[in-house]
1. Exactly one condition in (1) modelled with pLDDT of 95 or more; (2) outside any helix (DSSP H, G or I) is not met by residue 27; state its number.
2. What's the number of the condition residue 57 fails, among (1) under 24 Å from residue 344 (Cβ atoms); (2) open to solvent by 10 Å² or more (accessible area, probe 1.4 Å); (3) not in a helix (DSSP H, G or I)?
3. Test of understanding: among 358, 339, which residue is assigned to a loop (DSSP other than H, G, I, E, B), crowded, with 18+ Cβ neighbours inside 10 Å and of a type in the set (Ser, Thr, Tyr)?
4. Please specify each residue of region 443-465 satisfying the condition of being open to solvent by 40 Å² or more (accessible area, probe 1.4 Å), touching a helix residue (DSSP H, G or I) at 6+ places or on another chain (Cβ under 8 Å) and in contact (Cβ under 8 Å) with a residue 12 or more places away in the chain.
5. Do the conditions hold for residue 7, that is, is it at pLDDT 85 or above and either over 13 Å from residue 147 (Cα atoms) or hydroxyl-bearing (Ser, Thr, Tyr) (or both)?
6. Does region 447-456 contain at least one residue that is of a type in the set (Phe, Trp, Tyr), modelled with pLDDT of 95 or more and part of a helix (DSSP H, G or I)?
7. What pairs come up if the first residue lies in region 118-142 and is acidic (Asp, Glu), the second is surrounded by 22 or more Cβ atoms within 10 Å (Cβ to Cβ), and their beta carbons are under 7 Å apart, counting only those six or more places apart or on different chains?
Amino acid sequence: MKQPEVLLMNIPIEFPHQIFRAYDIRGKVELLNPAIVYAIATALVSQFQKMGQTQIVIGYDARLSSPTFAKIIEQVFLQHQFKVVALGCCATPQMYFAARQTQGNGIMVTASHNSKTDNGIKWVIQSEPPSPEMIQDIGDLASQLVLNQTPLFETVSVEHNIKPEFFLSYQSALIQDIQLKRQFKVVVDGLNGSAGYCAQQVLKKLGCDVIALRCNADGHFPDHAPDPSQAKHLERLRQNVLHYQADFGIALDGDGDRVVLLDEHAHIISADRLLALCAQMCLEDHPKHEIVFDVKCSSIVRQVVEQLGGHAKMLRTGSSFLRRYLSQSKGFAVFGGEYAGHYVFNDGRGLGYDDGLYAALRVMEYLSQFPHMTLSEILAVYPERFYTEDTYISTQGTDPQSVLRDIEISSHNLDAVLSNIDGVRLDFEYGFGIIRASNTGEFFTLRFDADSPAHLDQIRQTFASMLSASYPMIAQDILNVH
């Protein structure tokens, strides 16, 4: 796939501070022009050097601009005498896997599940993701570099390149790890991201009958953004699961670190139910260990973990926070997951990072131990919930922290357990609600979950009533969340 040429003249640049987020760098691709990428790469060099690192792997996803950006980053690190391994086009989990050969140092050019108009950068240092403060430090230093000097770039033209040697070593590790005791018919949808091709090959080598959809990397994303969390993006997968009478449907996001599974009826398995199943799988082999999940997960996850004798630990949202917590738990936390579809096995297998394909394979392996059971049957013990997806509403010009503080004060009169580690979450006997302030825009994110439609509406009404007097417009927006 030939890339458009990029030519940057020596002109002033407005620095995009807004793309430096809580757990990665991400924004509109025009904000990440070559000069900005050059400055970010130079700042990253400084951060790696301060931690005594001298080698690194660099990969990139299917986006049209990704090979060019990755090449700029590679050149900057080479200029500073780093040993650089260029992975080419790959999934983020493949980058994590390869980084083990460089003391856990790696950079990935990707905007994950975002639309084709975006791009971004993720990285790990000594196998751990950067903290929010480290990400802001990169932004601060890069902005100074841009102000002090704007480098002149010559025309750059870079093609996507899949390098078999890195692809095959990752593939081999998965095949050696997973033991399927029976064969499955699987439909895998790569959503035109960088993970589909590898997933297709791994499943075939494990003996599966594979129907592949959109497993070619295509940065034009001709159908829609590579985001499997939106049900409308899974319609083609659903139709194929039913048509081929498959056992599984697997949808991977743009860089392969998130996954959504469908059962044999083409029913989308909610992240909460899949988290509960994975917790059960890990606690069976590691009783009394810890299971970690983010604040957007249903109450059912904590209930299942505690019923199985495990320790439930809730964290703020962000896969980097999840991975760091797991890596620092010294093996006590054996599994972690997020409502967004990140699943991390830390049980002596799985290597401690979020890998959508690996999570799907672990579920398949577990199911293969039960010769006559289907995925829907094994999940039947975890009842369906009634819930809203992540929903965004305007702050209506208010101070978000004041709104959250008022909700917290009002909630003291309720029969609910309060958590304020990331926004305000209230757990009732029958469900929960959460409202969080965005790190990147003037809006709140909300999610409600309950054991019945009536209780779901009750939670929604409760949140709205706490705001109706002082913030009537926000209250009305909450009532409109479905």
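The values are calculated or read from the model by the stated rules, or taken from the named source; none is laboratory data. These figures come from a predicted structure and were not determined experimentally. Note: ideal-geometry Cβ built from the backbone for every residue, glycine included; neighbour counts use all protein chains shown. Areas reflect the complete protein model, heavy atoms only, side chains present, ligands, DNA and RNA absent. Shrake-Rupley method; radii C 1.70, N 1.55, O 1.52, S 1.80 Å.
1. (1)
2. (2)
3. Values: 358 fails: assigned to a loop (DSSP other than H, G, I, E, B).
That would be 339, the only listed residue that is assigned to a loop (DSSP other than H, G, I, E, B), crowded, with 18+ Cβ neighbours inside 10 Å and of a type in the set (Ser, Thr, Tyr).
4. Of region 443-465, the ones open to solvent by 40 Å² or more (accessible area, probe 1.4 Å) are 443, 451, 453-455, 457-458, 461, 465.
If we keep only those that are touching a helix residue (DSSP H, G or I) at 6+ places or on another chain (Cβ under 8 Å) as well, we get 461, 465.
If the condition is that a residue be open to solvent by 40 Å² or more (accessible area, probe 1.4 Å), touching a helix residue (DSSP H, G or I) at 6+ places or on another chain (Cβ under 8 Å) and in contact (Cβ under 8 Å) with a residue 12 or more places away in the chain, then 461 is the only one that fits.
5. Values: at pLDDT 85 or above: no; either over 13 Å from residue 147 (Cα atoms) or hydroxyl-bearing (Ser, Thr, Tyr) (or both): yes.
Here the answer is no, as residue 7 does not meet what is asked.
6. Pass one, region 447-456, residues of a type in the set (Phe, Trp, Tyr): 448.
Now drop any that are not modelled with pLDDT of 95 or more, which leaves 448.
Pick out the ones that are also part of a helix (DSSP H, G or I) and you get none.
No, the conditions are met nowhere in region 447-456.
7. 118/111
One line per residue, one yes/no per condition, for (1) of a type in the set (D, E, K, R); (2) surrounded by fewer than 23 Cβ atoms within 10 Å (Cβ to Cβ):
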residue: 259; (1), (2): no, no
residue: 277; (1), (2): no, yes
residue: 283; (1), (2): no, no
residue: 296; (1), (2): yes, no
residue: 309; (1), (2): no, yes
residue: 312; (1), (2): no, yes
